[in-house]
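Worksheet for the structure shown next.
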Amino acid sequence: MTAPLPPMARLTDAFAAAAQPDAESLAQLAAAGFRTLICNRPDDEVPPGERAADMQAAAQAAGMAFAQVAVPHGPITPDLLEAEIAALRDLPGPHFAYCAAGIRAALIWAFASAGRIPTDDIMDALANAGLAMPGLRSQIDMLAAAR
């Protein structure tokens, strides 16, 4: 019997955010159609064996592409945002992004999607996934206007 997929917030057909999965579940994610794993968790938050290099090796063994865009607790800088945009644009989807709880992964996705997906759709995706963050609307609108 195959173990269930890790719990995740499906924000679009091509993107999900979640808490960090264990390396063993990456084969399940690949079998479910995810083609890229995005690590939004800094290495200083996790013990050896669960750091980005370990997750990259496990993702590649499962046939997935990998990107690390380590989002700290604090402001998302323009460099981080550009790295997330590049990962979403350049690596094959669907994408599965993780951090400690999935919230930073969903947040940086929302900012990276500004101007590419209508703000209402971003806000609805977050709310439908149980991650309603109405205070983000003005920031997403501002980012969309700048693109």
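The values are calculated or read from the model by the stated rules, or taken from the named source; none is laboratory data. If you're wondering where the values come from, they're calculated on a predicted model, not measured in any experiment. So basically every Cβ, Gly included, is an ideal-geometry build from the backbone, and we count neighbours across all protein chains shown.
Okay, residues lined up against (1) closer than 25 Å to residue 6 by Cα; (2) at pLDDT 95 or above:
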residue	(1), (2)
66	yes, yes
76	no, no
79	no, yes
105	yes, yes
123	yes, yes
126	yes, yes
134	no, no
141	no, yes
147	no, no
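Identify all residues within the stretch 104-121 that are in contact (Cβ under 8 Å) with a residue 40 or more places away in the chain and either surrounded by fewer than 17 Cβ atoms within 10 Å (Cβ to Cβ) or not in a helix (DSSP H, G or I) (or both); write none if there are none.
Across the stretch 104-121, the qualifying residue is only 117.
Just give me the residues in the stretch 103-146 being basic (Lys, Arg) and within 16 Å of residue 80 (Cα to Cα), in sequence order.
The answer is 104, and nothing else.
Go through (1) touching a residue at least 60 places away in the same chain (Cβ under 8 Å); (2) surrounded by 20 or more Cβ atoms within 10 Å (Cβ to Cβ); (3) of a type outside the set (Gly, Ala, Ser) one by one and return the number of the condition residue 94 breaks.
The failed condition is (2).
Which of the residues spanning the stretch 115-141 are farther than 24 Å from residue 77 by Cβ and among the hydrophobic types (A, V, I, L, M, F, W, C)?
As a first pass, look at the stretch 115-141 and keep what is farther than 24 Å from residue 77 by Cβ: 118, 120-121, 124, 127-130, 132.
Answer for the stretch 115-141, where residues must be farther than 24 Å from residue 77 by Cβ and among the hydrophobic types (A, V, I, L, M, F, W, C): 127, 129, 132.
Kindly check whether there is at least one residue in the stretch 10-28 that is over 13 Å from the mean Cα position of the chain (by Cα) and surrounded by 20 or more Cβ atoms within 10 Å (Cβ to Cβ).
yes
Does residue 85 count as surrounded by fewer than 21 Cβ atoms within 10 Å (Cβ to Cβ), under 28 Å from residue 124 (Cβ atoms) and hydrophobic (A, V, I, L, M, F, W, C)?
Details: surrounded by fewer than 21 Cβ atoms within 10 Å (Cβ to Cβ): yes; under 28 Å from residue 124 (Cβ atoms): yes; hydrophobic (A, V, I, L, M, F, W, C): yes.
The answer is yes for residue 85.
Note down all Cβ pairs under 8 Å where the first residue falls in the stretch 6-30 and is free of Cβ contacts under 8 Å to residues at least 40 places away in the same chain, the second is part of a strand (DSSP E or B) and surrounded by 19 or more Cβ atoms within 10 Å (Cβ to Cβ), and they're at least six residues apart or on different chains.
The qualifying pairs are 6/18; 7/18; 26/37.
In the stretch 129-147, what residues are closer than 19 Å to residue 9 by Cβ, in a helix (DSSP H, G or I) and free of Cβ contacts under 8 Å to residues at least 24 places away in the same chain?
134, 135, 137
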